[in-house]
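*Asks:* Here it is, the structure in full.
The values are calculated or read from the model by the stated rules, or taken from the named source; none is laboratory data. The model shown is predicted, which means the values in this text are computed figures rather than measured ones. Cβ sites come from the backbone with ideal geometry, for glycine too, and all protein chains shown count toward neighbours.
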């Protein structure tokens with residue numbers, strides 16, 4: 001079993017770059033699960049994306065390979 005990743009280990013370079021350069025995030029909504037996704041960057045479908053829950057509604061989405069946050073999800077919001 002893998003150890004949990006701490007919030008201090010997650011990287012925010014993509015997030016910071018998107019906001020610094022005024023790049024609008026991409027949004028997606030999954031009506032089956034009532035989840036809204038906000039993406040700071042495109043990522044390859046082969047990338048393993050991990051969810052790190054902040055609370056019962058909000059999670060960071062980060063790449064397993066480098067701990068870079070690529071987005072956020074908002075459940076039943």
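*Asks:* For the stretch 1-44, enumerate the residues that are within 16 Å of residue 67 (Cβ to Cβ) and touching a residue at least 40 places away in the same chain (Cβ under 8 Å).
*Replies:* Across the stretch 1-44, the qualifying residues are 5, 7, 9, 10, 11, 12, 13, 14, 15.
*Asks:* Turning to a different aspect of this structure: Give me the strands (runs of 3 or more DSSP E) completely within the stretch 19-69, filtered to those with at least 1 residues that are closer than 21 Å to residue 5 by Cα and within 13 Å of the chain's Cα centre (by Cα), ordered by residue number.
*Replies:* In the stretch 19-69, 35-39, 49-53, 58-63 are the strands (runs of 3 or more DSSP E) which contain 1 or more residues that are closer than 21 Å to residue 5 by Cα and within 13 Å of the chain's Cα centre (by Cα).
*Asks:* Please determine, by comparing only the residues of the stretch 67-77 that are over 16 Å from residue 17 (Cα atoms) and surrounded by fewer than 19 Cβ atoms within 10 Å (Cβ to Cβ), which one is modelled with the lowest pLDDT.
*Replies:* 77
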